[in-house]
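> The following block contains the structure, expressed as structure tokens.
The values are calculated or read from the model by the stated rules, or taken from the named source; none is laboratory data. Treat the numbers as computed from the prediction; the structure is a model and nothing was measured. Please note: Cβ atoms are built from the backbone with ideal geometry, for glycine as well, and neighbour counts cover all protein chains shown. When the accessible area is computed, the model is the full protein with side chains, heavy atoms only, and any ligands, DNA or RNA have been set aside. Shrake-Rupley method; radii C 1.70, N 1.55, O 1.52, S 1.80 Å.
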Amino acid sequence: MINFPILSVITYLPVVGILLILFINKGNYKLIQWIAFITAVVNFIISIPLYFNFDSKTWAMQFVEKMPWIEEFGISYHMGIDGISLLLVLMTTLLSALAILSTWNAVTERVKEYMISILFLETGMVGVFCSLDFFLFYVFWEVMLIPMYFIIGIWGGPRRVYAAVKFFIYTMSGSVLMLVAILVLYFINHSQTGVYTFNILDYYRLNLPFGVQFWLFLAFFLAFAIKVPMFPFHTWLPDAHVEAPTAGSVILAGVLLKMGTYGFLRFSLPMFPQATIDFIPFIAWLSLIGIIYGALLSIAQDDVKKLVAYSSVSHLGYCMLGMFALNAHGIQGSILQMINHGFSTGALFLMVGIIYERRHTRLISEYGGIWRVMPFFALLLLVVAFSSMGVPGTNGFVGELLILIGIFKLNVWYGAVATIGLILGAIYLLWMYQRVILGEITNDKNRHLNDMNFREYAYMIPILVFIIWIGIYPKPFLDKMQVSVEHLIEQIKYTKDIDAGEKREAKIEGVKGSRVQVAKGFYFNPRTLNLFYGNNNTDN
Amino acid sequence: MEIIIPTINLASIYPEIVVTIFAVIVLLLHAFTPHHSPGGAGKGGDHLGYISFIGIAYATFLVFTQEGGTEYSFNGLWILDNYSRFFRLIFLLGTGLTILISVKYVKDEGINHGEYYSLILFATVGMMIMGGGADLITIFLGLELMSISLYVLAGYTRNRLTSNESSLKYFLLGSFATGFLLYGIALLYGATGTTNLKGISGFISESNFGNPILIMGMVLLVVGFGFKIASVPFHMWTPDVYEGAPSPITAFMSAGPKAAAFAAFARVFFEGLPSLQGVWVDLIWILAVLTMTVGNVIALVQNNIKRMLAYSSIAHAGYVLVAFVSANELGIGGILYYMLAYTFMNIGAFGIIIVVGGKGEKRVNVDDYTGLAYRHPVAAATMSLFLFSLAGIPPTAGFMGKFYIFSAAIKSGYIGLAIIGVINSVVSVYYYLRITVAMYMKEPESAVSGAESMPSLVFSTAMIIAMVIAAYGVLRMGIFPSAYIALAQQSHLSF
């Protein structure tokens, strides 16, 4: 363990970059871009030692920083990462740097505000993945909305205002209920332990009656499901993706969506194990609907960016499904797939951005025969599309295979339906590839397109390296998360004392098929929660 | 008949005395300086504003130096405790900021300096008396002093029709509310034989409190205070008055007097009528839900920004009522913290409204903010900060305040109320975002709805100081709120 507060440094270094940028005349936008880019790159370089110094033999939180912040409420500044968040943090710092590089020419107006927004966003994203205090987590979670709102709303497409406001309100309506749930946990924790704290790790040890778990799970579910987004909460996503500038889409798909899935892993599963198990069929079917529905919508799109956007709904369905298989394969696959999706979908958005910068259209019908003028682009797009559809040798294969193994262990039918999604994935991606890249050049405007330039290679190659590396040798990545995932499964299976002494095993075997009583929880009434608070209410 | 000479403890009212003296000084200075020179009443006279500000600063200093502890004086009419100290700080802060944002406005509008500032100071004295009153009569005295000053201030730009309407409406409806309040006080006196809060609470706890006169009196008090804090369904005056009044006065009204009404409201109900809690909690629960919801929903469709913020201020009163319903220590702390935060963010927002509005308040529609970020990035960023704070987005004071309030509600088991509250804050996001959309996401056009193109904004030094203070307050209370929370926690009522 090192004493250098590395997590805080990578969280707040972008803020330092913002302060530097504030002092630069807005006319000097090249300098602003360079400062933003260098800040992000330095941030990534600083974050690399996290990987090498990470001890993969323990599930305990590492690189922990803890100091009192708002002692009156028991809120502390508490950061730390484990095997679940490590890779997400690294991916965030990498993708932020690449995203900044990708908008070198795409954003030429109000560059100063743009770079400030992206750096601010990076602070929020890294903060979310590192927070171990619920209050701190919530602050980062909400703070991120502001820069993303501006990125979509100022530099977005024609319907940007609608998309930005929808994004903001949709996300916030989920998270405010989470805030209420956090506060309920806070007071339950106080009544059980006598300590006021927002420490997430302490909440893992709570014994929550099932009725309470049910409602809290629902509140958290809403917040995270909107963020993921799960069907039927996905409608903000296509709007936001399509209107956002390239860097916004990359970060949105690559990192922001992962916060939803990360939230389930970090909070819902370990804190509400019984509810998690009882909700498996519910979540599984929503995910399956998302997988199929997202893929079908992708097939029907005539706009490349919309196609990629809907494919996210489908891919995130796999992440959710793998996670709720609640076995080591499923969860590892799910985490790896979060990373994979960040790279492959991020790369797809970047490539859409590359042709959009040249032609200023994203309609598939405008293209065709691109391989003749942009052969390297065509090759890269093929690799990225393979990665997205999970062809062996690319990262997508490893993730989806693990997820499918996990799902089949849980329930054969879920697995069977999920496999259909894979086929659909191949259809929309290959069909898109065929229409955009292959064939003869049908549109004269496409005859003189330049192939990718140095800057574009500079941000595509790192992603490509990871796509191939994870595809061929995923062990370094899986090793880091293994112990944490096993511990997570232990936490869920752990026998919980429920309702004063009565021992009830959280039965994972009992969920084959669909005979699960979700309705059990409906007797729960918020007013009765008051009883659990017991003494603390009488001191008024 | 023996005359009991009450213990007179002037030390406990030093801040009030100082503010009163300064109010008189400002008035006299104005009367004895030649101002009928060419250029009209508005020419010169900044110094009166600064003198008033010095008075407020001195009073603030005195509040800080007063000894701690709870102390009754003036025969039980007056109380000096941490609760009243905290509220006095809120009032003085609100007044100080109002004076700073007024300086240029008053000059531009050519209105009479001396009376303007001295009325503000007198209103402040009224608020401070409301905060420190331990007897219904004292509270009523403070309320009238404050209200009458405000009636005049609301109509201060007397050449503008809306301002006249504002003043008249406020006066008529305000007097009506005063009537309710007075009637309630009379009934309470009739039922308990005293107007002293301690006496009332002692009487009720000793005798049975099923007395219908008592309940009636309590309900009338709810109506009277409900009027002053602009809770639904007693809110009808607010939009018109806020829209018509001069902008600095609107800012002033939404912060200080509202806080004062809450100060008295909470003290009367928690110290005077705690035994009736079972009755009034349900009543105020309904008020809170109505106030939040109606305020936010109607604000959605407003185009005039002052009117929008009027409805938003109704909604904010609803949030504070949530803390009120919680009726625990966290709740009282929440009221204090929220009113302080609200003072910073709302007066801050009105500061920008004054600057954008320009001379004669011509630009007060949301459309007038179109492209502000292109022309005045700093003004737009500052406004966004205050708006995000009003919407309750971290890391701002508004978020911490809502966090405080909703945790109080949940602690008392009002989870349903907390859920209604947070959903309301999502609704409110929409109209606050409308302004940022106009500022950042629409191209500046000179011919939007026929309005003249936006001239350059002029920030006076005083305005800049006020904005810096407000922005600092919003961020400080949002990011490092510890000291303020500790202060609020020490200041809860002893009930």
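> How many residues are crowded, with 23+ Cβ neighbours inside 10 Å and of a type outside the set (S, T, N, Q) when one looks only at segment A:161-171? Lay out the reasoning, then the answer.
Restricting attention to segment A:161-171, the residues satisfying the condition of being crowded, with 23+ Cβ neighbours inside 10 Å are A:163-164, A:167-168, A:171.
Those left that are additionally of a type outside the set (S, T, N, Q): A:163-164, A:167-168.
Qualifying residue count for the region: 4.
> Please go through segment B:470-487 and pick out each residue that is more than 24 Å from residue B:131 (Cα to Cα) and either under 19 Å from the mean Cα position of the chain (by Cα) or more than 12 Å from chain A (Cβ to nearest Cβ) (or both).
If the condition is that a residue be more than 24 Å from residue B:131 (Cα to Cα) and either under 19 Å from the mean Cα position of the chain (by Cα) or more than 12 Å from chain A (Cβ to nearest Cβ) (or both), then B:471, B:472, B:475, B:476 are the ones that fit.
> Related question: Return the residue satisfying two criteria in turn: it lies in segment A:153-164 and is among the hydrophobic types (A, V, I, L, M, F, W, C) and facing another protein chain (nearest Cβ under 10 Å), and of such residues it is farthest from residue B:434 (Cα to Cα).
Within segment A:153-164, the first condition is being among the hydrophobic types (A, V, I, L, M, F, W, C), and the residues that meet it are A:154-155, A:161, A:163-164.
Of the ones still in play, those that are also facing another protein chain (nearest Cβ under 10 Å) are A:154-155, A:161, A:164.
Details: A:154: 13, A:155: 17, A:161: 10, A:164: 11 Å.
Per the stated criteria, the residue is A:155.
> Just for helices (runs of 4 or more DSSP H) wholly inside segment B:355-430: which have at least 3 residues that are more than 9 Å from chain A (Cβ to nearest Cβ)? Break it down stepwise before answering.
Numbers: elements: B:372-375, B:377-391, B:397-411.
It comes to B:377-391, B:397-411.
> Taking only segment B:351-376 into account, find how many residues are more than 13 Å from residue B:438 (Cβ to Cβ) and modelled with pLDDT under 85.
5
> Just one of the numbered conditions (1) surrounded by fewer than 24 Cβ atoms within 10 Å (Cβ to Cβ); (2) out of contact with any Pro (no Cβ under 7 Å at 6 or more places or on another chain); (3) among the hydroxyl-bearing types (Ser, Thr, Tyr) is not true of residue B:374; which one?
With (1) surrounded by fewer than 24 Cβ atoms within 10 Å (Cβ to Cβ); (2) out of contact with any Pro (no Cβ under 7 Å at 6 or more places or on another chain); (3) among the hydroxyl-bearing types (Ser, Thr, Tyr) applied to residue B:374, the lone miss is (2).
> Collect the residues in segment A:392-421 that are within 24 Å of the chain's Cα centre (by Cα) and surrounded by fewer than 18 Cβ atoms within 10 Å (Cβ to Cβ), keeping them in residue-number order.
Listed by number, the residues that qualify are A:392, A:393, A:401, A:419, A:420.
> A further question follows. Does any residue of segment A:133-152 turn out to be within 28 Å of residue B:374 (Cα to Cα), touching a residue at least 40 places away in the same chain (Cβ under 8 Å), in a helix (DSSP H, G or I) and within 8 Å of another protein chain (Cβ to nearest Cβ)?
Within segment A:133-152, none of the residues are within 28 Å of residue B:374 (Cα to Cα), touching a residue at least 40 places away in the same chain (Cβ under 8 Å), in a helix (DSSP H, G or I) and within 8 Å of another protein chain (Cβ to nearest Cβ).
> With open to solvent by 20 Å² or more (accessible area, probe 1.4 Å) and either over 20 Å from the mean Cα position of the chain (by Cα) or modelled with pLDDT under 90 (or both) as the only criterion, which of A:27, A:83, A:17 stands out?
Values: A:83 fails: open to solvent by 20 Å² or more (accessible area, probe 1.4 Å); A:17 fails: open to solvent by 20 Å² or more (accessible area, probe 1.4 Å).
The match here is A:27.
> So which pairs qualify, if the first residue must be in segment A:451-478 and in a helix (DSSP H, G or I), the second must be of a type in the set (Gly, Ala, Ser), the Cβ gap must be under 7 Å, and the two must be at least 6 apart or on different chains?
Every condition considered, the pairs that remain are A:459/A:102; A:460/A:347; A:463/A:346; A:463/A:347; A:467/A:344; A:467/A:387; A:471/A:393; A:472/A:393.
> Return the only residue of A:128, A:195, A:107 being assigned to a helix (DSSP H, G or I), touching a helix residue (DSSP H, G or I) at 6+ places or on another chain (Cβ under 9 Å) and either closer than 26 Å to residue A:67 by Cβ or open to solvent by less than 20 Å² (accessible area, probe 1.4 Å) (or both). It would help to see each step written out before you state the result.
Numbers: A:195 fails: assigned to a helix (DSSP H, G or I); A:107 fails: assigned to a helix (DSSP H, G or I).
Among A:128, A:195, A:107, only A:128 is assigned to a helix (DSSP H, G or I), touching a helix residue (DSSP H, G or I) at 6+ places or on another chain (Cβ under 9 Å) and either closer than 26 Å to residue A:67 by Cβ or open to solvent by less than 20 Å² (accessible area, probe 1.4 Å) (or both).
> Moving on. Evaluate the following for residue A:48: is it touching a strand residue (DSSP E or B) at 6+ places or on another chain (Cβ under 6 Å), in contact (Cβ under 8 Å) with a residue 24 or more places away in the chain and either surrounded by fewer than 19 Cβ atoms within 10 Å (Cβ to Cβ) or not basic (Lys, Arg) (or both)?
Details: touching a strand residue (DSSP E or B) at 6+ places or on another chain (Cβ under 6 Å): no; in contact (Cβ under 8 Å) with a residue 24 or more places away in the chain: yes; either surrounded by fewer than 19 Cβ atoms within 10 Å (Cβ to Cβ) or not basic (Lys, Arg) (or both): yes.
No.
Yes/no matrix, rows are residues, columns are (1) within 14 Å of another protein chain (Cβ to nearest Cβ); (2) part of a loop (DSSP other than H, G, I, E, B); (3) at pLDDT 90 or above; (4) open to solvent by less than 10 Å² (accessible area, probe 1.4 Å):
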{"residue": "B:452", "(1), (2), (3), (4)": "no, yes, no, no"}
{"residue": "B:489", "(1), (2), (3), (4)": "yes, no, no, no"}
{"residue": "B:492", "(1), (2), (3), (4)": "yes, yes, no, no"}
{"residue": "B:495", "(1), (2), (3), (4)": "yes, yes, no, no"}
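> Here is a further query. With the checklist (1) at pLDDT 90 or above; (2) surrounded by fewer than 23 Cβ atoms within 10 Å (Cβ to Cβ) in hand, flag the one item residue A:340 doesn't pass.
Of the numbered conditions (1) at pLDDT 90 or above; (2) surrounded by fewer than 23 Cβ atoms within 10 Å (Cβ to Cβ), the odd one out for residue A:340 is (2).
For (1) surrounded by fewer than 23 Cβ atoms within 10 Å (Cβ to Cβ); (2) free of Cβ contacts under 8 Å to residues at least 24 places away in the same chain; (3) not charged (D, E, K, R), each residue gets a yes or a no:
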{"residue": "A:344", "(1), (2), (3)": "no, no, yes"}
{"residue": "A:349", "(1), (2), (3)": "no, no, yes"}
{"residue": "A:358", "(1), (2), (3)": "yes, no, no"}
{"residue": "A:362", "(1), (2), (3)": "yes, no, no"}
{"residue": "A:370", "(1), (2), (3)": "no, no, yes"}
{"residue": "A:375", "(1), (2), (3)": "yes, no, yes"}
{"residue": "A:382", "(1), (2), (3)": "yes, no, yes"}
{"residue": "A:387", "(1), (2), (3)": "no, no, yes"}
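> Here is a follow-up. Check off (1) touching a residue at least 40 places away in the same chain (Cβ under 8 Å); (2) open to solvent by 10 Å² or more (accessible area, probe 1.4 Å); (3) hydrophobic (A, V, I, L, M, F, W, C) for residue A:300 and give me the number that stays unchecked.
(1)
> Still on this model: Would you check which residues across segment A:209-229 are outside any helix (DSSP H, G or I) and surrounded by fewer than 24 Cβ atoms within 10 Å (Cβ to Cβ) and list them?
A:209
> Looking at A:101, A:94, A:90, which is the one that is open to solvent by 20 Å² or more (accessible area, probe 1.4 Å), more than 11 Å from chain B (Cβ to nearest Cβ) and not hydroxyl-bearing (Ser, Thr, Tyr)? Walk me through it before giving the result.
On the way: A:101 fails: open to solvent by 20 Å² or more (accessible area, probe 1.4 Å); A:94 fails: open to solvent by 20 Å² or more (accessible area, probe 1.4 Å).
Being open to solvent by 20 Å² or more (accessible area, probe 1.4 Å), more than 11 Å from chain B (Cβ to nearest Cβ) and not hydroxyl-bearing (Ser, Thr, Tyr) holds for just one of A:101, A:94, A:90, which is A:90.
> If you don't mind, there's one more thing I want to ask. Just to be sure before I move on: is residue A:247 touching a helix residue (DSSP H, G or I) at 6+ places or on another chain (Cβ under 8 Å), among the small types (Gly, Ala, Ser), over 19 Å from residue A:98 (Cα atoms) and crowded, with 24+ Cβ neighbours inside 10 Å in the structure I sent? Give the derivation first.
Details: touching a helix residue (DSSP H, G or I) at 6+ places or on another chain (Cβ under 8 Å): yes; among the small types (Gly, Ala, Ser): yes; over 19 Å from residue A:98 (Cα atoms): no; crowded, with 24+ Cβ neighbours inside 10 Å: yes.
Here the answer is no, as residue A:247 does not meet what is asked.
> Here is a further query. Failed condition for residue A:415, given (1) in a helix (DSSP H, G or I); (2) in contact (Cβ under 8 Å) with a residue 24 or more places away in the chain; (3) in contact with a Lys or Arg (Cβ under 9 Å, 6 or more places away or on another chain), with all others met?
The number of the failed condition is (2).
> Determine if segment A:172-179 includes at least one residue that is more than 11 Å from every other protein chain (Cβ to nearest Cβ) and open to solvent by 10 Å² or more (accessible area, probe 1.4 Å).
At the first step, the residues of segment A:172-179 found to be more than 11 Å from every other protein chain (Cβ to nearest Cβ) are none.
No, segment A:172-179 contains no residue that is more than 11 Å from every other protein chain (Cβ to nearest Cβ) and open to solvent by 10 Å² or more (accessible area, probe 1.4 Å).
Let's see how each residue does on (1) open to solvent by less than 50 Å² (accessible area, probe 1.4 Å); (2) within 14 Å of chain B (Cβ to nearest Cβ); (3) not hydroxyl-bearing (Ser, Thr, Tyr):
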{"site": "A:7", "(1), (2), (3)": "yes, no, yes"}
{"site": "A:22", "(1), (2), (3)": "no, yes, yes"}
{"site": "A:31", "(1), (2), (3)": "no, no, yes"}
{"site": "A:42", "(1), (2), (3)": "no, no, yes"}
{"site": "A:62", "(1), (2), (3)": "yes, no, yes"}
{"site": "A:72", "(1), (2), (3)": "no, yes, yes"}
{"site": "A:75", "(1), (2), (3)": "yes, yes, yes"}
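> When you look at residue B:67, is it within 20 Å of residue B:257 (Cα to Cα) and either of a type in the set (Phe, Trp, Tyr) or at pLDDT below 90 (or both), yes or no? Steps first, answer last, please.
Details: within 20 Å of residue B:257 (Cα to Cα): no; either of a type in the set (Phe, Trp, Tyr) or at pLDDT below 90 (or both): yes.
No, not satisfied.
> Only one of these conditions is not met by residue B:320: (1) over 29 Å from residue A:161 (Cβ atoms); (2) under 21 Å from the mean Cα position of the chain (by Cα); (3) within 13 Å of chain A (Cβ to nearest Cβ). Which number is it?
Of (1) over 29 Å from residue A:161 (Cβ atoms); (2) under 21 Å from the mean Cα position of the chain (by Cα); (3) within 13 Å of chain A (Cβ to nearest Cβ), only one is false for residue B:320: (3).
> Okay, moving on. In the list B:335, B:347, which residue meets the criterion of being more than 9 Å from chain A (Cβ to nearest Cβ), more than 30 Å from residue A:154 (Cβ to Cβ) and surrounded by 24 or more Cβ atoms within 10 Å (Cβ to Cβ)?
Details: B:347 fails: more than 30 Å from residue A:154 (Cβ to Cβ).
Going through B:335, B:347 in turn, just one is more than 9 Å from chain A (Cβ to nearest Cβ), more than 30 Å from residue A:154 (Cβ to Cβ) and surrounded by 24 or more Cβ atoms within 10 Å (Cβ to Cβ): B:335.
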